[in-house]
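The values are calculated or read from the model by the stated rules, or taken from the named source; none is laboratory data. Quantities reported herein were computed from a predicted structural model and do not represent experimental measurements. All Cβ positions, glycine included, derive from the backbone under ideal geometry; neighbour counts span all protein chains shown.
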Amino acid sequence: MSDNIRVVIDEEMIGLHASGRDYLFDYRSGLVSLKAGDREWLYSAPQPAFWRATTDNDRGNGFSRASAQWAGADLFSAAGLPSLSVDGKPVAIPYTPADGSTGGQLYASQASLRYTFTTPTVPATKVDVCYTLDASGSLTVSVRYHGKPKLPELPAFGLRMVMPTPATGFTYFGLPGETYPDRLGSGKKRVVEVEGMPVTPYLVPQECGMHMDIDWVRVTRETTLNNADAAIAPFSLTFASNGRPFAFSCLPYTPMELENATHQEELPPARRAVLTIYGAVRGVGGIDSWGAPVGEQYSISGKKDIDFSFVVRP
Amino acid sequence: MKPSLTWLDDPQTFRVNELPAHSDHSCYASAQEAGGDRSSLVRVLNGQWRFLYADNPQDIPEGFYLPDASEKRFGLIEVPGHIELSGYAQVQYTNTAYPWEGSVFRRPAYTTPPDDPQAGSFGEAEDNPAGLYRHSFTLDSTWASRPLHIRFEGVERAFYLWCNGQFVGYAEDSFTPSVFDLSPYVHEGENLIAVAVFRHCTASWIEDQDFFRFFGIFRPVSLLSLPETHVDDLDVKPTLKDDDHTGVLNVSARLSPLQSGSKVTMELADREGNVLIQKTVEAREQTNYPTYTLKDPNLWSHSDPYLYRLTLTVVNAKGETVEVVPQAVGFRRIEIGADKVVRLNGERLRILGVNRHEWSATRGRAITQADMDADMATIRTNHINAVRTCHYPDRLPWYRMCDEAGIYVMAETNMESHGTWQKLGGDDGSYNVPGSFPQWRQMVVDRARTQYETLKNHPSILFWSLGNESYAGENIVAMNEYYKKADPTRPVHYEGVVHVRRYEDRISDFESRMYAWPADVAKYLENNPKKPFVLCEYMHSMGNSVGGLRDYMDLFDRYPQYVGGFVWDFKDQALQVTDTITGRKVMRYGGDFDDRPTQCQFSGDGLLFADGTEKPAMLEVNEEYGRYER
């Protein structure tokens, strides 16, 4: 199984290819293509997720205002050039092989790329997103938030992946229902099948659809944007925990789309799947809707590091 | 008597010619009818009535109530229903702010200096529309020859009634039945009733509930044709002695009309129909039965809402049955111990409650039996054992449903006046009504009396509640005293007294708060509590909420004097409309009807969405309440 990964180091992108999986990493923005069985799973490169659409309780207790910097971070954080390592050894980018030409193709048993995002917060901080591919085609994604004093509490922390077309459903192993750290429902994990990407129809659209304590989630789609691909058989991709369970939501909208709508009918037609894997989730609160904060144990400090990791399964 | 618009301006005029409030029992002409729950003595007048909307009192056509008045300008309206949802008036949702906030400067009558009595405040107001109803019904010779009552189960907010052109009476108190005697005015053949319903009167000050503001005849209207002898009021007091083994039954009835030589048989049967008590006495205006005791009766509680069936059968001198009145009877004892623990039948009571407004996304508060059935099914599925009827009495069938389902009821009087004391700068009771103003006392005591007299026979009602967020003063003391005197068997609840502690020994058997943090509840209960503690409102289920419910449930395990609480609230209040842009059926909230002032989506704080589907948070309630349900 060794040296089964083909690493293509090119002018604008690096390609990693193994076991029917093809990943393209743009030097500027990140992972711009994730293909499994020739089906594209990404519409844009995964971005750190910091924001959640303001809940009625967030509005009432002033949380969104106090943490407004994270709305900007959610929209406008940017990554610098990635660092590449192949079989554990750093490879300089741009790559210059011994013959002097740029670019090239290597074979390896492991390759990883690390992007570091810088937030437009004051003070600024960094988020590392590291993608590691092994020969089985399995991609491990590890994310680290670097805490800093003076940064406000975070509404959420995760990695957001926008898929080109809607999901027709998803299946997961974790807590049933829409759950949050302070509202875990039954507390009993099981396999849950969800049809479509339900947006909980709160009167004013807001954060919704969170699923806690997840071992894995499999997202299923039936359409692509590829005009030459007529097939409409369902195809799926599985995201699994890596050591520690994660949380996720799978919705047709980004937090900002939800944030802007004052009624459900103002939300645009569902045309993408927005899968966000969360390493930290803030509770929703409930004591009242006009000031009571979320319990400290259910909030996310901006001062402390947050690490989480998951695997895109082959 | 001549009706006067000045009644709208005087809190001392709140019922004119209304019959005294009485129990909500059903009347049948025979045992067979009673068995089938179809009474030939009752005729429901629901349906299409003729309707004219008047912008203000001065705009009402003179003599609109006369039989020969022109109906040229009249349209139609569905009764029961809200005038706003029939398209005649603008929908508005507001919370504390009165609908006229910032537009019309007014203050409650008698709270102002004597030279400013607020005359014409509502009776001559530009912003006080009237709904004018006309409806005809036909009486055959039997019905025309017998006494005839008309019952309005709910009309917001003040109404005048005419029959065949003659003034009958006037009523306020929007959420309790108003009954009038039509006998002097009706005849065989076609008869006409006319009703003028006003959006505002002095009661508007104390009906400032945080909800959509509607007016009109929004609950059923019915005619009751009285037999020659009729059970006008029934008072059934089933209790359980301190020994926990002896049931005691006291039954009395007020008969009116009364035909001499009649007899009334009282029968008590168990669930299986075995007759345990049977007693016939001579019918008197006040008919009393001896006190009976039952050894080890089946007790009524949430886990087993055992109901006995009591039947009164009225027989005339000829031996003919003229009326049959069935009544469900539940033996139970609710008490607050010297240790401040609330017990039902000797066992600690844990309230796993919700606040429930009556709501339908399409019909507003004009809810149907199907709406109530759906609500009840949801309540039972999710281990909810108690309902607070916030902040007014509910439709009458609801209490019978709670009796049958074993749902504990905190029965709240129709009163909320937070707009008169909750100010930006904090609490200010300077012109709070009812307060201690003597002119406002009888009106609110009458609301207590009407609720008690109407609902007293329901075993599901464990507590009387004086109202919501109305501050405290001598008039609420008077309400408390009324309930205590009328009904020594049930504790009285009121939250507002915690804002005016000097009244706390005279108002409320509970320390009741809303939205208190768990730590603050614990603080009260750890410091030699004077009263048991209840959260009349907690866990504000607005939008995506209800985090931290478990912290409240833990209080049950730590403090025996913690009675529990009622989640705010059961169902989002939003209205379903067809969106003109997308063509989709969508939910609309305050401000979506160009309504100002409004508090926007603040009425969207239910465990259910407005269409009755459960929010995800209900799962949490189901789990947590399920752990404590007995």
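Residues that are more than 22 Å from B:C390 (Cβ to Cβ) and either among the aromatic types (F, W, Y) or more than 9 Å from chain A (Cβ to nearest Cβ) (or both) within segment B:596-616 comprise just one, B:R596.
If A:N61 satisfies all but one of (1) within 14 Å of chain B (Cβ to nearest Cβ); (2) within 12 Å of A:P155 (Cα to Cα); (3) out of contact with any helix residue (DSSP H, G or I) (no Cβ under 7 Å at 6 or more places or on another chain), what's the number of the condition it fails? Checking A:N61 against (1) within 14 Å of chain B (Cβ to nearest Cβ); (2) within 12 Å of A:P155 (Cα to Cα); (3) out of contact with any helix residue (DSSP H, G or I) (no Cβ under 7 Å at 6 or more places or on another chain), the one that fails is (2). The condition of being in contact (Cβ under 8 Å) with a residue 12 or more places away in the chain, part of a loop (DSSP other than H, G, I, E, B) and more than 9 Å from every other protein chain (Cβ to nearest Cβ) holds for only one of B:G590, B:G626, that being B:G590.
Taken over segment A:262-278, the criterion of being over 8 Å from A:P252 (Cβ atoms) and in contact with a strand residue (DSSP E or B) (Cβ under 8 Å, 6 or more places away or on another chain) is satisfied by A:H263, A:Q264, A:E265, A:L275, A:T276, A:I277, A:Y278. In the set (1) surrounded by 22 or more Cβ atoms within 10 Å (Cβ to Cβ); (2) more than 10 Å from every other protein chain (Cβ to nearest Cβ); (3) within 15 Å of the chain's Cα centre (by Cα); (4) not aromatic (F, W, Y), A:R144 fails one condition alone, (1). Residues in segment B:168-196 that are surrounded by fewer than 24 Cβ atoms within 10 Å (Cβ to Cβ), over 16 Å from B:N17 (Cβ atoms) and in contact with a Gly (Cβ under 8 Å, 6 or more places away or on another chain): B:L192 only.
Could you check segment B:530-543 and list, in sequence order, the residues that are closer than 25 Å to A:Y298 by Cα, touching a strand residue (DSSP E or B) at 6+ places or on another chain (Cβ under 8 Å) and not small (G, A, S)? Spell out the reasoning first.
So the first thing to find is which residues in segment B:530-543 are closer than 25 Å to A:Y298 by Cα, and the list is B:535, B:537-543.
Next, from what is left, pick out any that are touching a strand residue (DSSP E or B) at 6+ places or on another chain (Cβ under 8 Å): B:535, B:537-541.
B:L535, B:E537, B:Y538, B:M539, B:H540 - these are the residues of segment B:530-543 that are closer than 25 Å to A:Y298 by Cα, touching a strand residue (DSSP E or B) at 6+ places or on another chain (Cβ under 8 Å) and not small (G, A, S).
Would segment B:332-341 turn up any residue that is β-branched (V, I, T) and farther than 26 Å from B:P560 by Cβ? Checked against the condition, which is being β-branched (V, I, T) and farther than 26 Å from B:P560 by Cβ, segment B:332-341 yields no hits at all.
Only residues that are in contact with a helix residue (DSSP H, G or I) (Cβ under 8 Å, 6 or more places away or on another chain) and either outside any loop (DSSP other than H, G, I, E, B) or modelled with pLDDT under 95 (or both) were counted in segment B:594-617, giving 3.
Among the numbered criteria (1) in the same structural domain as B:V354 (by TED's automatic domain parsing); (2) within 30 Å of B:D592 (Cβ to Cβ); (3) touching a residue at least 40 places away in the same chain (Cβ under 8 Å); (4) not acidic (D, E), which one does B:Y538 miss? For B:Y538, the exception is condition (3).
Yes/no per residue for (1) part of a loop (DSSP other than H, G, I, E, B); (2) touching a Pro at 6+ places or on another chain (Cβ under 7 Å); (3) not assigned by TED's automatic domain parsing to the domain that holds B:Y93:
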| position | (1), (2), (3) |
| --- | --- |
| B:F212 | no, no, no |
| B:R219 | yes, yes, no |
| B:K237 | no, no, yes |
| B:D242 | yes, no, yes |
| B:L249 | no, yes, yes |
| B:S252 | no, no, yes |
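Just so you know, in segment B:546-568 the residues that are more than 12 Å from chain A (Cβ to nearest Cβ) and charged (D, E, K, R) include one that is surrounded by the fewest Cβ atoms within 10 Å (Cβ to Cβ), and it is B:D557. Tell me, which residue of segment B:569-587 that is within 8 Å of another protein chain (Cβ to nearest Cβ) and touching a Lys or Arg at 6+ places or on another chain (Cβ under 9 Å) is farthest from B:Y625 (Cα to Cα)? By that ranking, first place goes to B:D579. Listed by first and then second residue, the pairs with beta-carbon distance under 7 Å, at least 6 apart or on different chains, first residue in segment B:427-445 and in the same structural domain as B:S204 (by TED's automatic domain parsing), second surrounded by fewer than 19 Cβ atoms within 10 Å (Cβ to Cβ), form an empty list. Taking the criterion of being among the acidic types (D, E) and surrounded by 14 or more Cβ atoms within 10 Å (Cβ to Cβ), the residues of segment B:60-114 that qualify are B:E78, B:E84.
Considering B:P529, B:P518, which residue is over 16 Å from B:R388 (Cβ atoms), more than 12 Å from chain A (Cβ to nearest Cβ) and more than 23 Å from the chain's Cα centre (by Cα)? Only one candidate qualifies: B:P529.
If I go through segment A:174-198 residue by residue, how many of them are more than 9 Å from chain B (Cβ to nearest Cβ), outside any strand (DSSP E or B) and surrounded by fewer than 18 Cβ atoms within 10 Å (Cβ to Cβ)?
Step one: of segment A:174-198, the residues more than 9 Å from chain B (Cβ to nearest Cβ) are A:174-175, A:188-198.
Filter once more, so that each one left must be outside any strand (DSSP E or B): A:175, A:188-189, A:196-198.
So of that shortlist, the ones also surrounded by fewer than 18 Cβ atoms within 10 Å (Cβ to Cβ) come out as A:188-189, A:196, A:198.
Residues flagged as more than 9 Å from chain B (Cβ to nearest Cβ), outside any strand (DSSP E or B) and surrounded by fewer than 18 Cβ atoms within 10 Å (Cβ to Cβ) within segment A:174-198 amount to 4.
With respect to the numbered conditions (1) surrounded by 15 or more Cβ atoms within 10 Å (Cβ to Cβ); (2) closer than 20 Å to B:H418 by Cβ, which one is the sole condition not fulfilled by B:P129? That leaves (2) as the condition not met.
Considering each residue of segment A:8-26 in turn, at least one proves to be out of contact with any helix residue (DSSP H, G or I) (no Cβ under 8 Å at 6 or more places or on another chain), closer than 24 Å to A:F235 by Cβ and part of a loop (DSSP other than H, G, I, E, B). Looking across segment A:199-225 at every residue that is more than 14 Å from chain B (Cβ to nearest Cβ) and assigned to a loop (DSSP other than H, G, I, E, B), the one that is surrounded by the most Cβ atoms within 10 Å (Cβ to Cβ) is identified as A:T224.
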